[in-house]
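The values are calculated or read from the model by the stated rules, or taken from the named source; none is laboratory data. As the structure is a computational prediction, the values presented were derived from the model and not from experiment. No Cβ is skipped: glycine too gets one built from the backbone with ideal geometry, and neighbour counts run over all protein chains shown.
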Amino acid sequence: MTDPNWNGAEVIQFNYGLSRSNLWPNQSGRISFFWKGVLSCLPALRSCLSHKISTGKETFFWRDCWINGVAPMHLWPVEYSECRHTNSTIYELRHLLEEQPFIDNEFVRMCSIGVQTADSHSRDIKSWRLTGNGIFSVKSFYNLLIDGGLRCPISRFFWRNWCPRKINLFNWLVWQNRILSLENLARRRCNRLPTATCVMCNGGIETVDHLFIHCSYANLVWDYFIRILRLPQLPLSIQDLWGRWRYGLHSERRAFGDLVAKAIIWNLWIARNDCIFNANILHAQCLIVKIDRMLVSWYSSLTDGPKLKLEEDFNTVRRSLEFLGPRVKAFEETRSSEETLDPSTG
């Protein structure tokens with residue numbers, strides 16, 4: 001907050017009224033989605049800081065972990081509950097360092113001497129425990145949050161494939177049920193349509209599981225690729241897709257199965273949006289051809305190593321495209337001519 005080279009300090013001071021570093025902010029009023037996400041990471045962030053006390057003016061007496069990595073509020077909970085100044089710094093409460101029960105702690109006694117003899121211009125030092133040089137890095141904190149992927153069952157493999165980032169990200173949001181399905185829009189009271197019924201089949205509420213798995217339109221697409229590519233049977237849900245269904249594939253084919261699943265989900269979403277916003281209903285075979293073409297384009301951009309591993313499966317995709325391509329083209333031409341002859345199309 002006091003670094004003159006960091007422009008972000010001005011933004012935080014203006015929006016949140018903070019004049020100094022504070023990892024224990026009071027949450028009041030409406031909090032933006034972004035800031036709520038930042039605040040949720042604060043407990044983990046605080047646990048990764050170590051404190052070297054000089055004047056004590058930049059370290060909270062009760063809440064910061066400055067006594068051998070432990071916060072005084074955990075060592076003396078009764079005294080903490082009785083104190084009226086829980087957000088004060090060590091310097092502001094320095095008189096407590098000479099009182100019971102704090103003075104019995106050897107580390108507190110050493111800190112008390114340091115605070116009394118410190119140069120008034122010196123500063124407390126916060127260092128980052130997760131790096132050798134003590135400097136914060138986003139990578140080290142990210143690795144802590146995901147615990148090397150153990151806390152998130154799919155992160156270890158989900159991002160390691162060859163489809164575009166935006167499609168990876170969209171599939172991640174689908175897995176977390178964070179996309180604007182009609183069910184989610186209705187829950188937020190933002191649905192502009194009369195109902196939350198699936199526009200592709202009119203057979204149920206448009207949840208992520210319905211739209212991408214259970215919808216009869218989605219079934220046609222899934223059944224085709226399951227049949228020609230010898231994939232496991234239709235998953236029960238999106239969670240099941242990236243769990244049991246994926247592990248039903250041989251380990252050497254899982255990367256290919258990931259690409260197929262992501263291409264299907266992405267194109268189903270595009271077709272759904274086209275139906276809602278443009279009143280255009282794409283035939284299932286046309287969508288299958290689009291998915292085939294997308295998969296082939298991803299394959300063509302691979303390096304020689306991955307290409308060799310996936311060659312057999314992608315040869316099947318090519319044959320599918322060669323078989324369906326001309327039929328879909330003829331279908332589209334027939335449909336186009338019918339629309340031209342139909343006077344109602346204007």
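Key figures for this structure:
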{"read-out": "Some residue of segment 59-75 being modelled with pLDDT of 90 or more and either of a type in the set (D, E, K, R) or loosely packed, with under 11 Cβ neighbours inside 10 Å (or both)", "value": "no"}
{"read-out": "Top-ranked residue in segment 215-241 [being of a type in the set (Ser, Thr, Tyr) and surrounded by 15 or more Cβ atoms within 10 Å (Cβ to Cβ); ranked as nearest to His283 (Cα to Cα)]", "value": "Tyr217"}
{"read-out": "Selection status of Gly203, farther than 20 Å from Trp162 by Cα and in contact with a Pro (Cβ under 7 Å, 6 or more places away or on another chain)", "value": "no"}
{"read-out": "Of all residues in segment 80-114 being part of a helix (DSSP H, G or I) and within 40 Å of the chain's Cα centre (by Cα), the one that is nearest to Thr59 (Cα to Cα)", "value": "Tyr80"}
{"read-out": "Tally of residues being among the charged types (D, E, K, R), touching a helix residue (DSSP H, G or I) at 6+ places or on another chain (Cβ under 9 Å) and assigned to a helix (DSSP H, G or I) across segment 129-168", "value": "2"}
{"read-out": "Among the candidates His85, His95, residue that is assigned by TED's automatic domain parsing to the domain that holds Leu45, loosely packed, with under 13 Cβ neighbours inside 10 Å, of a type outside the set (Phe, Trp, Tyr) and within 22 Å of Arg46 (Cα to Cα)", "value": "His85"}
{"read-out": "Single condition Phe141 does not satisfy, out of (1) among the aromatic types (Phe, Trp, Tyr); (2) over 30 Å from Thr55 (Cβ atoms); (3) surrounded by 12 or more Cβ atoms within 10 Å (Cβ to Cβ)", "value": "(2)"}
{"read-out": "Qualifying position, being modelled with pLDDT under 95, surrounded by 10 or more Cβ atoms within 10 Å (Cβ to Cβ), under 17 Å from Phe256 (Cα atoms) and not hydroxyl-bearing (Ser, Thr, Tyr), among Leu282, Leu310", "value": "Leu310"}
{"read-out": "All positions within segment 192-218 that are among the polar types (S, T, N, Q), in contact with a Cys (Cβ under 9 Å, 6 or more places away or on another chain) and not in a loop (DSSP other than H, G, I, E, B)", "value": "Ser216"}
{"read-out": "Scan of segment 266-306 for residues that are without any contact (Cβ under 8 Å) to a residue 40 or more places away in the chain and charged (D, E, K, R), ordered by number", "value": "Asp274, Lys290, Asp292, Arg293, Asp304"}
{"read-out": "Residues located in segment 272-293, provided they are among the β-branched types (Val, Ile, Thr) and closer than 22 Å to Asp313 by Cα", "value": "Ile288, Val289, Ile291"}
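Table: residues versus (1) assigned by TED's automatic domain parsing to the domain that holds Phe323; (2) modelled with pLDDT of 95 or more; (3) under 21 Å from Arg165 (Cβ atoms); (4) in contact with a Ser or Thr (Cβ under 6 Å, 6 or more places away or on another chain).
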| residue | (1), (2), (3), (4) |
| --- | --- |
| Arg192 | yes, no, no, no |
| Val199 | yes, yes, no, no |
| Ile238 | yes, yes, yes, no |
| His250 | yes, no, no, no |
| Ala255 | yes, no, yes, no |
| Lys262 | yes, yes, yes, no |
| Trp266 | yes, yes, yes, no |
| Asp274 | yes, yes, no, no |
| Thr303 | yes, no, yes, no |
